[in-house]
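The structure appears below as structure tokens.
The numbers here are math on the coordinates, done by the rules we state, and not lab data. Everything quoted here is computed from the prediction, not taken from an experiment. Quick reminder, even Gly has a Cβ in these numbers, built from the backbone with ideal geometry, and neighbours come from all protein chains shown.
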Amino acid sequence: MLPRRRLIPKWRTIATTLQSAESGSHKSAVPPKPLGDEEELQRSIANWRQERTPGFLGDVLAHSIHKELIPQVLDVSLEARRRGDPMTVVQSSIIEELLATNGEALITLGAAEATVQAKHPYQAGIQRLRALLSSNPNNSLAWLDLAQFQAAQGKTRSAERSIISALTLAPDNRTVIRTAARFWVHANQHDLAHQLVRRHQRTANDPWLMASEIALADLAGVPSVFLAKGKRFIVDNAKFNPAHLTELSGVIADEEFKSGQLKRAREAHRKALKEPNDNMIAQAIEHQARFGVVLEGPQINQALARSHEAQVIKAWSSREPDLAELHGKAWHNEEPFSSRPIQFLSSLYLFKGDYVNSERWIKVGLGADPTDRGLLINLAFLHARTSRGSEMKSVLRRLRNAHSDANPFAKATEGLFEYSQGRFETGDQLYDEAIEEFKKTRRPALAAYGQLFQTLYANEFGNPKAEEIARRAKQPLEENWTSDAAMLLHLRTQSNLPAQTLQHEQDLGLRRMSQLVYDPVKNTLTLKEGITARGAKSVVIKGVSE
């Protein structure tokens, strides 16, 4: 299970950042992008699901020319392939290309595979940037891209020198400031990241930097200087393009939620989702249950299409492992220094029992961050599951030395190894100690997750107490169900989960961020913005169903 996601700055390649609203002035308009017709796509999908003919499938595939609609087209493509539905040779070819590239250049997944196979990954990119900088050493943005590759190689000091070079050349550039802060988060220097943004003279008048300061203060465990100012900024600048306020509104929503102000949190969340960027949409997907708001509409879909991270989280939550793998590799290409996409990928392969691929990705991730907790846990688990006891012990020593809260993870892993050796009594004791420690440290979801693993491997290795262990796990799992548990069970059983297991996921009535109101007297249709009651309809008739 990954650490809680925060709206800290994303570190993208400069080519990607320059296409976003973040790279421009927050006082200027953001040019609109042409959108596909989502309603027409939904009609095409409904027609195909009713008839399942190549003709109706072709209508769905035609919408793949619009990037923001590709995720929905991909869902249908996967469904058609799994069911063996009829399709033409051309349609099959289109689906293969969409699944391999997400509608982008074929190099996308090839680059990810090259990363795990290459002896010296990222070297070509580093050489290209060094050649560029030799002719133009004052290019601050090229220094940022070089730092990203260096961080991905685990060369933290070299990356820091590149970051400092960029800051020296462009000390007031928003992209440079936010990227530098993100680097120091990667280097586990949270205080330094926060101080950089907090003390900068530009922050007081820049919504992007204010958002970063609030999120980084939370990460560093110190009070935010700009939280109150950020709230006033949004009120005073309500006419600003919402694309420039998305992250500031998002971090304010998180802070309002933590303080128990749920109504204010939802309203700030609604403002954040008017024109979300890739960072905000990933935050919204991960925390949808927190705010209980339907994520729909062209701006949401457009943002989702631009965020591989958001699509990984969405696919993981909906138990779509193929899509999670596809977008996980693309996400890694965008942020090669980050361990988060590799944690998803390595966990996915562990769940599948594909230990070779899991280990390849873990090694890539640990090359960038040798002490990453999630990757060390996954590597120790892999060694335990494959009965490599000495390797497991070595990794667990590294884990315990680097992370003071990792002991229950280590004990559960040792319990798994004992099960694999047929020493069930010792394994039971280690699992029980791990679960009890999670409970004592107020981590009930991790305790339940540990009980799920214990149940699965007690059954797999023939523990005589397997049925008793499963009975003990039932209630904790029902009370602390997670998307990780759902994906694990889905992949282990290769079948749909029982209805009672999924009860927590049923739509019990989400709220909407807006409604269309039809006035039959004036024959008009108007947009009414604001958080609705639970289960509200998307379209209401004035005087009848409002």
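Things worth noting here:
- The equivalent ellipsoid that matches the C-alpha gyration tensor of the range 233-372 spans semi-axes of 32, 15, 14 angstrom, in descending order.
- Rounded to the nearest 0.05, the FRET efficiency derived from the C-beta distance between Arg52 and Ala289 at R0 = 30 Å is 0.40.
- Annotation: amide H of Arg511 within the under-5 Å range of Val293, Val294, Gly535, sequence separation 5 or more or interchain, hydrogens built in the peptide plane.
- With an a/c value of 1.5 or above and a/b not larger than b/c for the gyration tensor axes a ≥ b ≥ c computed over the alpha-carbon atoms, the range 323-365 is described as oblate.
- With the simple model of a label 7 Å out from the Cα in the direction of the Cβ, Arg130 to Tyr355 spans 3.8 nm.
- Cα→Cβ-extended label distance, 7 Å offset, between Gln123 and Ser404, nm: 4.1 nm
- Global form of the range 391-488, assessed from the alpha-carbon gyration tensor, a/c cut-off 1.5: oblate
- Computed label-point distance, nm, for sites Glu436 and Arg83 using a 7 Å Cα→Cβ extension: 5.1 nm
- With a Förster radius of 30 Å applied to the C-beta separation of Arg157 and Arg232, the computed FRET efficiency comes to 0.15.
- Tally of Lys pairs whose C-alpha atoms are under 15 Å apart, taken over the range 337-504, 8 or more apart or cross-chain: 4
- Length released on extending from Asp172 to Arg43, taking residue separation times 0.36 nm less the Cα-Cα span: 41.5 nm
- Only the Cβ atoms of Lys and Arg (+1) and of Asp and Glu (-1) were treated as charged; on that basis the dipole of the range 337-504 about its Cα centre amounts to roughly 340 debye.
- Candidates per GluC sites (Glu not before Pro) in the range 189-264, loop by DSSP, up to 12 other Cβ within 10 Å: none
- The range 463-478 - phi-based ³J(HN,Hα) in whole Hz, Karplus 6.51/-1.76/1.60, Gly and Pro as x: 5, x, 9, 4, 5, 5, 4, 5, 5, 5, 7, 4, 5, x, 5, 5
- The gain in end-to-end length when the Gln475 to Ala204 segment is fully stretched comes to 92.7 nm, 0.36 nm per residue minus the alpha carbon separation.
- Over the range 337-504, Cα pairs under 8 Å with separation of 6+ residues give a relative contact order of 14 percent.
- Across all C-alpha atoms in the range 284-337, the radius of gyration and Dmax reach 11.5, 32 Å.
- Likely footprinting exposure, Met280, Met487, fewest C-beta neighbours within 10 Å first: Met487, Met280
- Estimated from the Cβ-Cβ distance and a Förster radius of 51 angstrom, the FRET efficiency linking Asp59 and Gln429 is about 0.30.
- Ordering Leu295, Ser307, Ala268 by the projection of their Cα atoms onto the charge dipole of the range 222-314, which places +1 on the Cβ of Lys and Arg and -1 on the Cβ of Asp and Glu, puts Ala268 at the extreme positive end.
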